[in-house]
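**Student:** Next up is a structure, given as structure tokens.
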Amino acid sequence: MFSDKNLPEPLFITEIEKEVQLVIIDEKDGIFFDETFTKEKRIRKYVYQMLIESKKFLPIGVYFKVYEAYRPLEAQKKLWDEVVKEQKKHHPDLAETSEECLAICYTYCANPYRQGSGHQSAGAIDITLCDEKGNDFFMGSKIREFNEKFIVTSD
């Protein structure tokens, strides 16, 4: 399991400017950061560099917005518990600890009690596309939207 105390390399701490709920990681690079789910703005340098490189392939007027990068272990546990609770509503006959229930939950979140998450090492990001003002483009669902469109069935 990943540990917040034993990260494999130093974290890259971004320079931050706040604009209401929107945090711009690097204004000149056009990468935005949204504080909806975390105020942690740590991201690994190589991930940031991949974002900068990938941005070159975006159409004019389209930018990246990061919702979450580094996620502490306690936050990962909370997210996992929310996913398990939500999936239990849709699969009441499955035991929470059954491999089938766990497999369904893995569709939405990494299990912090087993392998951990790339977020815990700041090596993963939750990202979307936005306009030059940081307004999200609709991508088919909201972030962390656990509704009937995404229910995994055992049929």
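The values are calculated or read from the model by the stated rules, or taken from the named source; none is laboratory data. The shown structure was predicted, so the numbers you read here are calculated from the model rather than taken from an experiment. Virtual Cβ from ideal backbone geometry, glycine too; neighbours counted across all protein chains shown. These area figures cover heavy atoms from the full protein model, side chains too; ligands, DNA and RNA do not enter into them. Shrake-Rupley method; radii C 1.70, N 1.55, O 1.52, S 1.80 Å.
**Student:** Which condition does Cys101 not pass, out of (1) open to solvent by 20 Å² or more (accessible area, probe 1.4 Å); (2) farther than 26 Å from Met139 by Cβ, if it passes all the others?
**Tutor:** Going through (1) open to solvent by 20 Å² or more (accessible area, probe 1.4 Å); (2) farther than 26 Å from Met139 by Cβ one by one, Cys101 breaks only (1).
**Student:** Can you tell me which residue within the stretch 74-115, out of those that are β-branched (Val, Ile, Thr) and outside any helix (DSSP H, G or I), is nearest to Asp126 (Cα to Cα)? Before the answer, list the steps.
**Tutor:** Taking the stretch 74-115 as the starting set, the residues that turn out to be β-branched (Val, Ile, Thr) are 83-84, 97, 104, 107.
So of that shortlist, the ones also outside any helix (DSSP H, G or I) come out as 97, 107.
Numbers: Thr97: 26, Thr107: 14 Å.
If we take residues in the stretch 74-115 being β-branched (Val, Ile, Thr) and outside any helix (DSSP H, G or I), then Thr107 is nearest to Asp126 (Cα to Cα).
**Student:** Answer yes if at least one residue in the stretch 129-137 is basic (Lys, Arg), modelled with pLDDT under 85, over 16 Å from the mean Cα position of the chain (by Cα) and surrounded by fewer than 17 Cβ atoms within 10 Å (Cβ to Cβ), and no otherwise. Give the steps one after another, and end with the answer.
**Tutor:** Taking the stretch 129-137 and keeping what is basic (Lys, Arg), we get 133.
Within this subset, residues satisfying the condition of being modelled with pLDDT under 85 are none.
There is no residue in the stretch 129-137 that is basic (Lys, Arg), modelled with pLDDT under 85, over 16 Å from the mean Cα position of the chain (by Cα) and surrounded by fewer than 17 Cβ atoms within 10 Å (Cβ to Cβ).
**Student:** State the number of residues belonging to the stretch 66-90 that are open to solvent by 20 Å² or more (accessible area, probe 1.4 Å) and over 30 Å from Asp131 (Cβ atoms).
**Tutor:** 11
**Student:** Restricting to the stretch 45-65, and then to whatever is under 14 Å from the mean Cα position of the chain (by Cα) and not in a helix (DSSP H, G or I), can you tell me which residue is surrounded by the fewest Cβ atoms within 10 Å (Cβ to Cβ)? Explain how you work it out, then say what you get.
**Tutor:** Taking the stretch 45-65 first, the residues under 14 Å from the mean Cα position of the chain (by Cα) are 47, 64-65.
The next check asks that each one be not in a helix (DSSP H, G or I); those that pass are 64-65.
Numbers: Phe64: 20, Lys65: 24.
Among them, the one singled out is Phe64.
**Student:** Any chance the stretch 80-99 includes a residue that's in contact with a strand residue (DSSP E or B) (Cβ under 9 Å, 6 or more places away or on another chain), under 26 Å from Thr36 (Cα atoms) and at pLDDT below 90?
**Tutor:** Filtering the stretch 80-99 down to residues in contact with a strand residue (DSSP E or B) (Cβ under 9 Å, 6 or more places away or on another chain) leaves none.
The answer is no; no qualifying residue exists.
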